[in-house]
Amino acid sequence: REMAARRRHLVRGLGGLIGADIWYWVRSAGAGPDTDPAVFAFLTGGWASQEPQALIVTSHHAPAGSLINEHFQRRFGQHFTYIRADIVPDDVWYASELYRHYYQPAGLDDFLISAYPLPDGLVSGVGFHRPPAAGGFSPRDRALVHLVMEKGQWLHRGPELPAAASAGAGLSPRCREVLLHLLNGDSRKQIARKLHRSE
């Protein structure tokens, strides 16, 4: 719990420096140049309600998420930090299914994501989001997050990889989505409500 509290404190403080209250931190296993890693540790903060968070989590596992995921797979094994403008231009972004079906209904627009590679195919990552009125992230914001992710080695340590985490890469997109919500501490009833499914 102490480590989780330290992570929350750091990521929340970093979000304050770059003007982003909405954030998540993850550790994932099974990363590869052709695969999306499966999350086994997950912390979040700043979400106004469960629905926007559920939409963004779902977007990572939906076909529309390939707009972002394919870009990251090309950088497999490297420490990278991107703002949305680095990945997709405005005209493509606002016409995309990812924006129209996930980000816009969640009341979000711009994002900043940093992924730090660890041994054995593990990845430690942070993501920050902003609503449309807050404007886009800047190159300065990107550089600041990249530096903290690079120098804050304790942020990436532990929890140790659970024995079952390596099997997570073989889960279906829906199962991965449910797993993220379980890791966030949601009950079965809460997950069903977020995903608009029966328990």
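Are there trypsin sites (Lys or Arg not before Pro) in the stretch 1-100 that DSSP puts in a loop and that have at most 14 other Cβ atoms within 10 Å, and which ones?
For trypsin sites (Lys or Arg not before Pro) across the stretch 1-100 that sit outside H, G, I, E and B with at most 14 neighbouring Cβ atoms in 10 Å, the list reads Arg1, Arg74, Arg75.
Just to be sure I understand: with springs between alpha-carbon atoms less than 10 Å apart, which residue in Gly121, Gly65, Gly135 has the highest mean-square fluctuation in the Gaussian network model of the chain?
Gly135
What distance in nm separates the two pseudo spin-label positions at Gln78 and Glu199, each 7 Å out from Cα along the beta-carbon direction?
In this crude label model, Gln78 to Glu199 measures out at 4.7 nm.
Run the simple label-point estimate for Arg188 and Trp154 please: 7 Å along Cα→C-beta, distance reported in nm.
3.9 nm
Quick one: with all protein chains in place, what share of the accessible area of the stretch 93-133 is carbon or sulfur, to the nearest percent (1.4 Å probe)?
Of the solvent-accessible surface of the stretch 93-133, carbon and sulfur hold 54 percent.
So what is the 222 nm mean residue ellipticity for the chain from helices alone, if each DSSP H run of at least 4 adds -39500 (n - 2.57) and you divide by all residues, rounding to the nearest 500 deg cm²/dmol?
-12000 deg cm²/dmol
Please find, in a Gaussian network model of the chain (springs between Cα atoms separated by less than 10 Å), the residue of Asp86, Asp110, Asp21 whose mean-square fluctuation is greatest.
Asp86
At 1.4 Å probe radius, can you tell me the per residue accessible area of the chain in Å²?
With all protein chains present, the chain gives 50 Å² per residue.
Could you tell me the largest-minus-smallest coordinate of the C-alpha atoms of the chain on each of the three principal axes, in descending order and whole angstroms?
The Cα atoms of the chain stretch 42, 41, 33 Å along the principal axes, largest first.
The values are calculated or read from the model by the stated rules, or taken from the named source; none is laboratory data. Just so you know, these numbers come straight off a predicted model, no measurement behind them. Heads up, the Cβs are rebuilt from the backbone with ideal geometry, glycines too, and the neighbour counts pull from every protein chain shown. Side chains are part of the model used for accessible areas, which takes the heavy atoms of the whole protein and leaves out ligands, DNA and RNA. Shrake-Rupley method; radii C 1.70, N 1.55, O 1.52, S 1.80 Å.
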